[in-house]
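Report on the structure given below.
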């Protein structure tokens with residue numbers, strides 16, 4: 001069920017998933033809040049994440065979004081189920097240059113094989129910086 005508080009087993013699985021992704025740690029992605037079917041993650045804007053025009057690289061934002069979406073799905077899976085991204089469409093709406101980026105992901109539909117997930121990224125001022133739509137498939 002979407003929006004339900006996590007069980008102890010789900011919480012352990014999320015922590016294990018967070019520790020198993022060195023790329024997320026490299027970027028500095030942090031778990032803020034996770035519930036069944038939703039997740040909020042953050043990323044501190046740093047110079048080493050910016051492209052040559054002083055704006056956070058789109059790939060760093062995409063990674064934040066993809067991670068938030070995955071964490072929203074994990075509590076909806078059984079212990080042996082795994083998913084991977086099928087597609088990811090992002091609309092970048094405003095540049096991120098300072099502060100912290102926050103991605104909020106929500107599972108729109110959890111099917112037998114496919115999950116449809118949306119996400120929004122906000123800047124420090126709460127302004128919408130990006131939106132995304134993705135499909136995940138159970139492996």
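Quick notes on this structure:
- Among the residues here, residue 116 does not qualify as closer than 19 Å to residue 33 by Cα, touching a strand residue (DSSP E or B) at 6+ places or on another chain (Cβ under 6 Å) and assigned to a strand (DSSP E or B).
- In region 56-80, residue modelled with the highest pLDDT [restricted to those that are in contact with a helix residue (DSSP H, G or I) (Cβ under 9 Å, 6 or more places away or on another chain) and in a loop (DSSP other than H, G, I, E, B)]: 57
- Listed by first and then second residue, the pairs linking a residue in region 6-30 that is on the phi > 0 side of the Ramachandran plot and touching a residue at least 12 places away in the same chain (Cβ under 8 Å) to a residue that is surrounded by 11 or more Cβ atoms within 10 Å (Cβ to Cβ) and in a helix (DSSP H, G or I), with Cβ atoms under 9 Å apart and 6 or more places separating them unless they lie on different chains, are 28/49.
- Residues within region 52-110 that are crowded, with 22+ Cβ neighbours inside 10 Å and over 22 Å from residue 19 (Cα atoms), tallied: 2
- Here residue 49 meets the list (1) touching a residue at least 24 places away in the same chain (Cβ under 8 Å); (2) over 17 Å from residue 110 (Cβ atoms); (3) surrounded by 16 or more Cβ atoms within 10 Å (Cβ to Cβ) almost entirely, failing just condition (1).
- Subset tally (residues that are at pLDDT 90 or above and farther than 16 Å from residue 100 by Cβ) for region 26-38: 3
- Filtered residue count, region 1-46, keeping only those that are in contact with a helix residue (DSSP H, G or I) (Cβ under 7 Å, 6 or more places away or on another chain), in a loop (DSSP other than H, G, I, E, B) and surrounded by 17 or more Cβ atoms within 10 Å (Cβ to Cβ): 3
The values are calculated or read from the model by the stated rules, or taken from the named source; none is laboratory data. What you see is a predicted model; the values in this text were computed from it and never measured. Quick reminder, even Gly has a Cβ in these numbers, built from the backbone with ideal geometry, and neighbours come from all protein chains shown.
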